[in-house]
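Student: Mind having a look at this structure? Questions to follow.
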Amino acid sequence: MRARVVYDTNYGNTRTIAEVIATELGGGTTTLNVADVTEASLDGVDVLVVGSPINGWRPTEKIQAWLRALPAGSLTGVRAAAFDTRIKLFIHGDAAAKISHGLHAAGATIVAKPQGFVVVGTEGPLAPGETGKAGAWAAFIGSELRATA
Ligand SMILES: Cc1cc2nc3c(=O)[nH]c(=O)nc-3n(C[C@H](O)[C@H](O)[C@H](O)COP(=O)(O)O)c2cc1C
């Protein structure tokens with residue numbers, strides 16, 4: 001398995017979640033800021049987790065642009081999942097589901113339901129328990145990967 005967690009972040013909270021997920025997935029899983037993604041970044045990657053803060057009810061512009069640029073079928077054979085960070089508002093919008101849709105559109109097999117993680121304010125910090133929730137979500141992804149290997 002070659003797994004990678006691609007994320008965007010404004011204040012570091014989404015990076016923290018990305019790092020928890022990478023640690024839990026293990027096996028040398030690496031994190032990569034979407035700003036540093038190159039054409040070669042997904043070479044040989046067969047597990048891809050993507051995360052973004054919700055900005056204006058949707059993923060960040062950088063994540064949206066990257067997803068739009070993925071050629072159709074380029075993620076065929078890749079197992080994937082998406083998450084976002086968000087403020088606990090009555091109407092907070094969604095980024096994870098939109099990312100998941102984009103990954104599926106590029107050919108990926110989605111192995112877990114999109115997941116949101118809550119921050120206390122715009123700049124964070126993450127709400128109590130959210131890193132633990134991220135570890136549990138990643139553990140679920142790991143079990144799905146083993147079950148469908
Ligand atoms: C420009 C901007 C727009 C935002 N829009 C939303 C939103 O629509 N819904 C929401 O729940 N949070 C929104 N937020 C709060 C972000 O979700 C929060 O800043 C983010 O989760 C923090 O993660 P980060 O440290 O990785 O950037 C917004 C934040 C910014 C800066």
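The values are calculated or read from the model by the stated rules, or taken from the named source; none is laboratory data. Note that the coordinates shown come from a computational prediction; the quantities given were computed from them, not determined experimentally. Positions of Cβ are backbone-derived with ideal geometry, glycine not excepted, and every protein chain shown enters the neighbour counts. Accessible surface is based on the protein model in full, side chains and every heavy atom, while ligands, DNA and RNA are left aside. Shrake-Rupley method; radii C 1.70, N 1.55, O 1.52, S 1.80 Å.
Student: Look through the range 84-93, keep the residues that are at pLDDT below 95 and open to solvent by 40 Å² or more (accessible area, probe 1.4 Å), and return whichever of them is farthest from the ligand (Cβ to nearest atom).
Tutor: Per the stated criteria, the residue is 90.
One line per residue, one yes/no per condition, for (1) over 21 Å from residue 141 (Cα atoms); (2) in a strand (DSSP E or B); (3) open to solvent by less than 40 Å² (accessible area, probe 1.4 Å):
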site: 10; (1), (2), (3): yes, no, no
site: 16; (1), (2), (3): no, no, no
site: 21; (1), (2), (3): no, no, yes
site: 31; (1), (2), (3): no, yes, no
site: 35; (1), (2), (3): yes, no, no
site: 52; (1), (2), (3): no, yes, yes
site: 66; (1), (2), (3): yes, no, yes
site: 71; (1), (2), (3): yes, no, no
site: 82; (1), (2), (3): no, yes, yes
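Student: Which is in contact with a Gly (Cβ under 8 Å, 6 or more places away or on another chain) and of a type outside the set (Asp, Glu), of 68, 15, 79?
Tutor: It is 68.
Student: Do you know which residues across the range 48-59 are closer than 15 Å to residue 117 by Cβ and either more than 10 Å from the ligand (Cβ to nearest atom) or among the β-branched types (Val, Ile, Thr) (or both)?
Tutor: Matches in the range 48-59: 49, 50, 54, 59.
Student: Moving on to the next point. Go through the range 37-48 and report how many residues are part of a helix (DSSP H, G or I) and surrounded by 14 or more Cβ atoms within 10 Å (Cβ to Cβ).
Tutor: Total satisfying the criteria: 2.
Student: Let me ask another. Quick check, is residue 14 among the polar types (S, T, N, Q), within 13 Å of the ligand (Cβ to nearest atom) and either free of Cβ contacts under 8 Å to residues at least 60 places away in the same chain or within 24 Å of residue 118 (Cα to Cα) (or both)?
Tutor: The answer is yes for residue 14.
Student: A further question on this structure: Return the pairs, sorted by first residue and then second, in which the second residue is assigned to a helix (DSSP H, G or I) and open to solvent by less than 60 Å² (accessible area, probe 1.4 Å), the first residue lies in the range 132-149 and is more than 13 Å from residue 117 (Cα to Cα), the beta carbons are less than 7 Å apart, and the residues are 6+ apart or on different chains.
Tutor: 141/25; 142/25
Student: Name the single residue, out of those in the range 38-63 being without any contact (Cβ under 8 Å) to a residue 12 or more places away in the chain and under 28 Å from residue 123 (Cα atoms), that is farthest from the chain's Cα centre (by Cα).
Tutor: 38
Student: Still on this structure, please answer the following. What residue, among those in the range 119-145 that are of a type in the set (Gly, Ala, Ser) and away from the ligand (no atom under 16 Å from the Cβ), is farthest from residue 81 (Cα to Cα)?
Tutor: Per the criteria, the residue is 132.
Student: Looking only at residues in the range 105-117 that are within 15 Å of residue 21 (Cα to Cα) and surrounded by 16 or more Cβ atoms within 10 Å (Cβ to Cβ), which one is farthest from the ligand (Cβ to nearest atom)?
Tutor: Restricting to residues being within 15 Å of residue 21 (Cα to Cα) and surrounded by 16 or more Cβ atoms within 10 Å (Cβ to Cβ), the top hit is 111.
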